[in-house]
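Let me begin by presenting the structure, written as structure tokens, before commenting on it.
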Amino acid sequence: MQKKIVASFSYSWKKRKDLALAQDEMGLPKHMRTTETPTRWGSRQMMIQRILEQERAITQVLTADKKSRHLVLSWQDMDVLEAVKVLSPLQDFTDALSGERYVSVSYVKLVLHLFNTTILAEEENDTELTKDVKRNILAYLNEKYSDPDTDDLLDMTFFLDPQYRTTYTNKEKVEHVISRAVEVIKLLKDQQQAPPSGSPGAAAAGPVAPPEGKKRRPCPAI
């Protein structure tokens, strides 16, 4: 339905002109219509937000034309759009977590916390449909990241990020996360100090011994 509404204005200069007049009468911003793009997840959210913003002007223009009156949104349609609007904050987080030029895995723990406590928390003025949408999204996300191994990985990445550390980590797991981080760091350090595979000293070296203290380099003779 939303795409049909946008298309009806895209293909009619008269409707676009009438919409501009209605926007002036109602004091609405003169924003262009936004349509959905299959390759962009957030484009549907942008289209819905624009329709909700311009709903009064759109309804006035569509009602005046017998051929397009069937496109006028009913109260049931509006309830659905309002419920779907709940997903709009997810667009920002999706874009942030999809970044390719920076590490984003350490954000996941924080994002889940924000979703559960504020962004997708139920509000008094929410319709039942909106509440159901929020509950279903939270149930899906919380279950997706409830696996113990996944949770340990998220805790580890969160701990290794200086700006977070153990901020949202379960207090009972803090010691485990710290000891696990120490083990991983020692392992990586040992691997870096081990002779390259296939080198003459690799076979003779045998098991890698714990690294000794770093020797101080003697000062050069003057």
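The values are calculated or read from the model by the stated rules, or taken from the named source; none is laboratory data. Note that the structure is a prediction, hence the values are computed from the model and not measured. Note that each Cβ is placed from the backbone with ideal geometry, even for glycine, and that neighbours are counted across all protein chains shown. Surface accessibility is based on the protein's heavy atoms, side chains included, excluding ligands, DNA and RNA. Shrake-Rupley method; radii C 1.70, N 1.55, O 1.52, S 1.80 Å.
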Original post:
What pairs from K17/K67; K134/K173; K109/K186; K3/K67 go past 23 Å between their alpha carbons?
Top reply: K134/K173; K109/K186
Subject >> Additional length obtainable on full extension of the chain from D95 to Y164, 0.36 nm per residue less Cα span >> reply: 22.8 nm
Original post:
Calculated FRET efficiency, L187 and V105, Cβ-Cβ r, R0 22 Å, to nearest 0.05?
Top reply: 0.70
Subject >> By accessible area with a 1.4 Å probe, ligands and nucleic acids excluded, highest first: order of E172, E55 >> reply: E172, E55
Original post:
Tally Lys/Arg at +1 and Asp/Glu at -1 over every other residue whose Cβ is under 13 Å from the Cβ of T150; what's the total?
Top reply: -4
Original post:
In the full protein assembly as shown, how much of L187 is accessible to a 1.4 Å probe, in Å² to the nearest 10?
Top reply: 100 Å²
Original post:
Given the Cα-Cα distance of K17 and E172 and 0.36 nm per residue of separation, how much length would full extension add, in nm?
Top reply: 49.5 nm
**OP:** Quickly rank 155-162, 139-146 as a protection proxy: mean count of other C-beta atoms within 10 Å, highest first.
**Re:** 155-162, 139-146
**OP:** Measure off, as a whole percent, the carbon and sulfur share of the 1.4 Å-probe accessible area of the stretch 50-99, all protein chains present.
**Re:** 55 percent
